[in-house]
Amino acid sequence: MDQVKEIIAKVKPHAFWILCGVILVVSLGSWYVATGSVKEQHARQLSDINGVFDQVSRIQAANQKHPNPSTAAEMEKVIRAYAKEVEDGWRKQYEQQAKVLVWPEFFGADFRAIADRMRPIEIIKPRESIANELPVDYRVQYRNYIEGDLPKLAKKIGAEWKASSTGIDPGASPVIGLDGMARPAEDKSIVLWSPENQQLLLTTHFGFASRTEPPSTLEVLYAQEDLWVLHDLMEIIAATNGPDVTARHEAAIKQIDFVKIGMTAAGLTGAVTRIGNSNVNAVNPEGQLVAPAQGEGGMNPAMQPQPQPGGEGMVAGAAATGDPATGRYVDEKYQPLDPTRLRNALTSTSPEDALLAVAKRMPVRLRFRLDQRKLHVLLTECGNARLPVEVRQVRINPDAAVSGTASAGGGGGGPVMSPFGPSGGGEGGYGPARPSSIVADATVDPTLIDVELYGIVYIYNPVNKAQLNVVVPAGTTAAVMPTAPLGGG
């Protein structure tokens, strides 16, 4: 014990340094143990991370098409290639149509140059500044020209044009018979075209012809577009009848009840139903199944013809808004298109506006008496036309009241009233689609049917590279050389 005290006495003066040494040794020991554990954890976690990277590398090595920066770069090339294909197809469609939509030679080169720069028409907005207007002299010139050009429509199909800004021209003077009675002169037209429908086309689409003030720029541009489409429809009818037809009995299309385009033709009519039990599901014009339900008189309302939108109400709407584009075109659901959306689509990059950015969809509707053996010829000519008509609906012996005409005929075999007056059959007027008695009437042609056709004419816009995100080479332009005008001249 005494020895311990002696040791303590000797050590005590050096206690500070001894404690420093002990603390240093303990700290070094703790540091060594701690760093060893950290190194172990670091090594383990690094091994795990490297293992994941190795797995990803093996996937990429096994599949070179696996998404990676190279994939993104190649995908961008594919997207640009598709955009270039769309551009090429779009340009071909536009340039092909530009060769058809040519202003008549009647108008001077300056007039045509200015008008051609206003494509698409929607770049001109209603009530814009005078800088974007056709000169007044040009608009007056078009107003004075248009009514004299319309009879060419009837001439193409061997019909008579009886509409005018002063009213319907009755045509030839009555014939005085041996009995002294006046009778209507025989109409030797190849195709009988309703004068009421001609008058409707004139007043609805070219009504400014009877005004003293000049039409607006939009009225002129849209009227000429209407004229191009009407000439195209007449060419379809003429091609269906054939080039060698010289009389009505040889024609496939003998009578035209109406031709409607744009705002007066919008919307599908009627419904597609299953044959047989009327209490089954039906398909509405949009292609949707309609559950069976009882309407008036116990009839499934889905099987009742649906009234078409448009007509006089749509024309009045265009007049009220002061925008001739109101109700003029239809959207992807065949509903009247808002002009604001139509114009915004010219610069939009939204997928919903892609169709409108490329082309406008003008509806057309025709109703006529046709030799049913030539129905396939009519549909073929619609597709072969210079402005093709995409046929969306063909109605056989439709209810004329639902079609929006003065006719009152029906489907099946009832007599049909026409704008030319009631008829017991034959080529002079509409008659029953089928003889209704056991003994057939010799004046009735059983091959004739009433056909109503609804379709879409696409009016293509010039290519907009910005919407396709296609690089525009410096100093390049898409040259369009219009030739071979459609009508006019």
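Overview of values
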{"quantity": "Whichever residue in the range 210-245 is open to solvent by 20 Å² or more (accessible area, probe 1.4 Å) and either touching a Cys at 6+ places or on another chain (Cβ under 8 Å) or of a type in the set (Gly, Ala, Ser) (or both) and, among such residues, is farthest from GLU122 (Cα to Cα)", "calculated": "GLY242"}
{"quantity": "Elements of type helices (runs of 4 or more DSSP H) in the range 73-166, at least 2 residues being under 30 Å from the mean Cα position of the chain (by Cα) and closer than 18 Å to SER216 by Cβ", "calculated": "109-116, 136-149"}
{"quantity": "Of all residues making up the range 62-86, the number that are aliphatic (A, V, I, L, M), at pLDDT below 90 and open to solvent by 70 Å² or more (accessible area, probe 1.4 Å)", "calculated": "3"}
{"quantity": "Single residue of ARG373, ARG361, ARG343 found to be outside any loop (DSSP other than H, G, I, E, B), touching a strand residue (DSSP E or B) at 6+ places or on another chain (Cβ under 7 Å) and either surrounded by 20 or more Cβ atoms within 10 Å (Cβ to Cβ) or touching a residue at least 24 places away in the same chain (Cβ under 8 Å) (or both)", "calculated": "ARG361"}
{"quantity": "Residue in the range 248-263 that is exposed (fewer than 13 other Cβ atoms within 10 Å of the Cβ), at pLDDT 75 or above and within 27 Å of TRP103 (Cα to Cα) present", "calculated": "no"}
{"quantity": "Flag if GLN3 is surrounded by fewer than 10 Cβ atoms within 10 Å (Cβ to Cβ), free of Cβ contacts under 8 Å to residues at least 24 places away in the same chain and part of a helix (DSSP H, G or I)", "calculated": "yes"}
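Here is a yes/no grid of residues against (1) over 20 Å from PRO462 (Cα atoms); (2) of a type in the set (Ser, Thr, Tyr); (3) open to solvent by less than 90 Å² (accessible area, probe 1.4 Å):
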site: GLY36; (1), (2), (3): yes, no, yes
site: GLU40; (1), (2), (3): yes, no, no
site: ALA43; (1), (2), (3): yes, no, yes
site: LEU46; (1), (2), (3): yes, no, yes
site: VAL56; (1), (2), (3): yes, no, yes
site: LYS92; (1), (2), (3): no, no, no
site: VAL100; (1), (2), (3): no, no, yes
site: ALA113; (1), (2), (3): no, no, yes
site: ILE121; (1), (2), (3): no, no, yes
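Rundown of residues vs (1) modelled with pLDDT of 95 or more; (2) in contact with a helix residue (DSSP H, G or I) (Cβ under 8 Å, 6 or more places away or on another chain), yes/no style:
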site: LEU366; (1), (2): yes, yes
site: THR380; (1), (2): yes, no
site: ARG395; (1), (2): no, no
site: VAL402; (1), (2): no, no
site: SER436; (1), (2): no, no
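The values are calculated or read from the model by the stated rules, or taken from the named source; none is laboratory data. Nothing here was measured: the structure is a model prediction, and the numbers come from that model. Positions of Cβ are generated from backbone atoms using ideal geometry, with glycine treated the same way; all protein chains shown enter the neighbour counts. The accessibility values were calculated without ligands, DNA or RNA, using every heavy atom of the protein model including side chains. Shrake-Rupley method; radii C 1.70, N 1.55, O 1.52, S 1.80 Å.
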